[in-house]
Amino acid sequence: MRIRRLRVYFNTPEGLVKAVDNVELDVYEGEVLAIVGESGSGKSVLGLAILGLLPPNTIVEGSIIYDGVNLVELGENVFREIRGTGIAWIPQDTDASLNPVLKVGFQIAETPLEHGKLSRKLIWSFSEKLLESLGVKPPRLRAREYPHQLSGGMKQRVLVAIGVSGNPRLLIVDEPTKGVDVVRKRQLLNLLKNIKNSNPKLTILLITHDIPFIEELADRIAVMYCGQIAEISTRTRFFTKPLHPYSKMLLESLPNRGFKPIPGELPSMINPPRGCRFHPRCPHIMDTCRRLEPPLVEVDGNYVKCWKYASDQQ
């Protein structure tokens, strides 16, 4: 997938919210790409733009090239053919995402049913096998239960089962650890590892603010700040020698790395700062940072949007 000059704006009574603003990003087959950043940085909106699940008050510009097709230009009827089998979504809210009046086995089988990849005779056997592969026991019983009869961990696994049921090429996982305790977080991490190991060609786009969660899972990390990509680095580079000042401060805010809060607040998405959007909070600010937006430049195969590195290449 190639994302180029992507802008996702929302028309609101308060003004134009620039949720995603001039994002450029490549997503490679078979990788786990984590998109990290503080809440409100535009991560989930980027995922929803890829899926074409945006409200009517949205303005979308740029391109999202998937399998040679620009998703931005697709109509809803065509997009429905891609969702679930080409690109699938695992949402963050288990209770809001599961239908309370349908048995979970039917919800798991819904995507392959809709796309003609499964007959109604095989609904339960299909769901049971998928639940069993995800460690849900006993699968026959669980498939025939309603969401309210399951624990939080079980519901999470059902959402994962729904996401992978159509055998997608790209799986977008949105904030999987939100509101999850340490035990469930480890279970979820192992679950995603097993899914990835069983299908090496599967690409996972992992949207999260939980940086420790991705340390064992991600191949690359893309850092978002105020609707823009600040850095794209390999896992090793990001956790040992991050490029962008914001990335470094994110890591230093973790309990095991000093627990230093990032000063200031996220800027307004309606009226973002001129120049580099991080400059009001940056300890390395230069005059250029206040005036001009930095380009995304390559540094040893990684990418960073910062005048410190852009100036070195000029």
- Message: Would the chain count as rounded, prolate or oblate if I go by the C-alpha gyration tensor, calling it rounded below 1.5 in a/c and otherwise prolate when a/b exceeds b/c, oblate otherwise?
- Response: prolate
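How would you rank PHE259, PHE238, going from fewest to most other Cβ atoms within 10 Å of each one's own Cβ?
Numbers: PHE259 9, PHE238 28.
Exposure proxy ranking, most exposed first: PHE259, PHE238.
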- Quick one: how many lysine pairs does the stretch 122-203 have with C-alpha atoms less than 23 Å apart and a gap of 8 or more or different chains? Give me the count, please. 18
- Message: Using Cβ contacts closer than 10 Å as the measure, can you line up TYR146, TYR246, TYR309 from fewest to most?
- Response: TYR146, TYR309, TYR246
- Query: Once you list every other residue whose beta carbon is under 11 Å from the beta carbon of SER247, what net charge do they have if Lys and Arg are +1 and Asp and Glu are -1?
  - Reply: +2
- Take the alpha carbon gyration tensor of the stretch 45-123, find the square roots of its eigenvalues, order them as a ≥ b ≥ c, and report rounded if a/c is under 1.5; if not, report prolate when a/b exceeds b/c, else oblate. oblate
- Task: Please compute the net charge surrounding PRO283, taking Lys and Arg as +1 and Asp and Glu as -1 over other residues with Cβ under 12 Å from its Cβ.
- Result: +3
- Message: Give the aspartates and glutamates whose C-alpha is closer than 17 Å to that of LYS103, dropping any in the same chain fewer than 8 places away, or say none.
- Response: ASP95, GLU114, GLU128, GLU132, GLU145
- Using θ = phi - 60° and the Karplus curve 6.51 cos²θ - 1.76 cosθ + 1.60, what whole-Hz ³J(HN,Hα) does each residue of the stretch 299-310 get, with Gly and Pro shown as x? 9, 6, x, 10, 9, 8, 9, 7, 5, 4, 8, 5
- Message: Would the stretch 215-254 count as rounded, prolate or oblate if I go by the C-alpha gyration tensor, calling it rounded below 1.5 in a/c and otherwise prolate when a/b exceeds b/c, oblate otherwise?
- Response: oblate
- Message: Which of CYS282, CYS306 has the fewest other C-beta atoms within 10 Å, and how do the rest follow up to the most?
- Response: CYS282, CYS306
- What cysteines in the chain have no other cysteine with a beta carbon less than 4.7 Å from their beta carbon? CYS226, CYS282, CYS306
- Going highest first, how would you order 177-185, 120-128 by mean Cβ packing within 10 Å? 120-128, 177-185
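With r as the distance between the Cβ atoms of GLU29 and ARG120 and R0 = 41 Å, compute the FRET efficiency 1/(1 + (r/R0)^6) and round to 0.05.
Numbers: r = 33 Å, r/R0 = 0.80.
Plugging the Cβ-Cβ distance into 1/(1 + (r/R0)^6) gives 0.80.
No value in this document is a laboratory result; all are computed from the given coordinates. Values in this document were obtained by computation on a predicted structure and should not be read as measured data. FYI the Cβ positions are ideal-geometry reconstructions off the backbone, even for glycines, and counts take in every protein chain you see.
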